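Below is one structure; the comments refer to it alone.
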Amino acid sequence: MKKQTMAVLGLSALGAFFFVENVRSNRYLKKERYIICSKKIPKAFHGKKIIFLSDLHNTQLGKDNKRLIDAIDREKPDYILAGGDMLVSKISNHSEEALKLMKILASRYPVYCGNGNHEERLLWKQEECPKAGKIYREYVKTLKEYGVHHLYNETVRIQEGNSYIYLSGLELTKKYYDKFTKHTMPESYIDQRLGPCPRDSFHILLAHNPCYFETYAAWGADLTLSGHLHGGIVRLPKLGGVIAPSYHLFPKYDAGLFRIGRKRMIVSVGLGSHSIKIRLFNPPKMDVITLEREERI
């Protein structure tokens, strides 16, 4: 009887620990800093600072996201890039906090936004639920009214004087978010949506699912910015993220910086969560990226 009591007490204490840690991890906000060096970065972009946000899921970090906004303001960024899943693909209560945040940020900084699977899901649902398509169109329309550059299979030049870098936002179709499986993504998929990758300057690609980094790199993206995996939801020392949204265990590209040759990818752990709000040992983060020109020798 004593052993059973001790076991119950031990399990209760463990459960309480995980509950407190999950609450803390969901509310805390950290910054992850990266320096990206390349010979392709123009001198005019040397030292430029980018804040990368992903997977807000209509969450508030502080009332009206004040903690997040204050943290961004302290960094004094030159650009803000949002990698998708800023809203939740629900018919009600889907985007209010996301739009409030984007309105404030766009009034202070140049903001560029791509789609995640939650934005795309509203389009996938529209045949059976026309309201979903209407929600998506209103969301994009409002972003543009606020001054946000919404990139849907589009490449733009970001100018600094006569110098520029490229930024692309890639839409991923439903099969590239399938559960339990990973499809092969050919380079032609990106070519059909964005055209051939221009090679005359540094190129950033917003592609929400990081699982296809090999294809993004082969296409020509110098820096890919992704999210989607929420850092693997639960993070363990040395093992990293535990599970991907596709239900694969210990995903390869879970969080942080990855390299293939000279090509790099930064995977955000995201800012929020949805449905089952679990983030163990995995607090929300915003990524602070500084571009540096690597001089040719």
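The values are calculated or read from the model by the stated rules, or taken from the named source; none is laboratory data. What you are looking at is a predicted structure, and each value in this text was computed from that prediction instead of being measured. Don't worry about glycine lacking a Cβ; one is built from the backbone with ideal geometry, like all the others, and counts go over all protein chains shown. Please note that ligands, DNA and RNA were not included when accessible areas were found on the heavy atoms of the full protein model with its side chains. Shrake-Rupley method; radii C 1.70, N 1.55, O 1.52, S 1.80 Å.
Restricting attention to region 59-75, does a residue exist that is within 18 Å of Ile289 (Cβ to Cβ), modelled with pLDDT of 95 or more and surrounded by 20 or more Cβ atoms within 10 Å (Cβ to Cβ)?
Looking for residues that are within 18 Å of Ile289 (Cβ to Cβ), modelled with pLDDT of 95 or more and surrounded by 20 or more Cβ atoms within 10 Å (Cβ to Cβ), one finds at least one in region 59-75, hence yes.
Could you please let me know if Thr181 is among the β-branched types (Val, Ile, Thr), under 18 Å from Tyr216 (Cα atoms) and surrounded by fewer than 16 Cβ atoms within 10 Å (Cβ to Cβ)?
no
Of all residues in region 184-225, which are surrounded by fewer than 17 Cβ atoms within 10 Å (Cβ to Cβ), of a type in the set (S, T, N, Q) and not in a helix (DSSP H, G or I)?
Selection gives Thr184 alone.
One line per residue, one yes/no per condition, for (1) open to solvent by 10 Å² or more (accessible area, probe 1.4 Å); (2) under 15 Å from Leu206 (Cα atoms):
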site: Pro245; (1), (2): yes, no
site: Leu257; (1), (2): yes, yes
site: Ile260; (1), (2): yes, no
site: Met265; (1), (2): no, yes
site: Leu271; (1), (2): no, no
site: His274; (1), (2): yes, no
site: Lys277; (1), (2): yes, no
site: Phe281; (1), (2): yes, no
site: Arg293; (1), (2): yes, no
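Taking region 155-178 as the search range and keeping residues that are among the hydroxyl-bearing types (Ser, Thr, Tyr) and out of contact with any strand residue (DSSP E or B) (no Cβ under 6 Å at 6 or more places or on another chain), which one is surrounded by the fewest Cβ atoms within 10 Å (Cβ to Cβ)?
Thr173
Mind checking which residues of region 96-115 are over 16 Å from the mean Cα position of the chain (by Cα) and in a loop (DSSP other than H, G, I, E, B)?
Those that are over 16 Å from the mean Cα position of the chain (by Cα) and in a loop (DSSP other than H, G, I, E, B): Ser107, Arg108, Tyr109, Pro110.
Exactly one of (1) without any contact (Cβ under 8 Å) to a residue 40 or more places away in the chain; (2) β-branched (Val, Ile, Thr); (3) more than 24 Å from His118 (Cα to Cα) is unmet by Ile243. Its number?
The failed condition is (3).
Considering only residues that are part of a strand (DSSP E or B), surrounded by 16 or more Cβ atoms within 10 Å (Cβ to Cβ) and aliphatic (A, V, I, L, M), which ones fall in region 28-48?
Within region 28-48, just Ile36 meets the criteria.
Mind counting the residues in region 61-93 that are touching a Lys or Arg at 6+ places or on another chain (Cβ under 6 Å), touching a residue at least 40 places away in the same chain (Cβ under 8 Å) and within 25 Å of Ser168 (Cβ to Cβ)?
2
Of all residues in region 241-273, which are among the small types (Gly, Ala, Ser) and touching a helix residue (DSSP H, G or I) at 6+ places or on another chain (Cβ under 6 Å)?
Scanning region 241-273 gives Gly241, Ala255, Gly270.
Condition first: in contact with a Lys or Arg (Cβ under 7 Å, 6 or more places away or on another chain) and closer than 29 Å to Ala244 by Cα. Can you find one or more residues in region 133-140 that meet it?
No, there is no match, as no residue in region 133-140 is in contact with a Lys or Arg (Cβ under 7 Å, 6 or more places away or on another chain) and closer than 29 Å to Ala244 by Cα.
Got a number for residues in region 116-133 being surrounded by 15 or more Cβ atoms within 10 Å (Cβ to Cβ) and in a helix (DSSP H, G or I)?
Of the residues in that region, 10 qualify.
Take the conditions touching a strand residue (DSSP E or B) at 6+ places or on another chain (Cβ under 7 Å), open to solvent by 50 Å² or more (accessible area, probe 1.4 Å), in contact (Cβ under 8 Å) with a residue 12 or more places away in the chain and hydroxyl-bearing (Ser, Thr, Tyr) and apply them to Tyr152. Does it pass?
So Tyr152 fits the description; yes.
Sort through Glu187, Glu145 and tell me the only one that's farther than 22 Å from Ser54 by Cβ and touching a helix residue (DSSP H, G or I) at 6+ places or on another chain (Cβ under 6 Å).
Glu187
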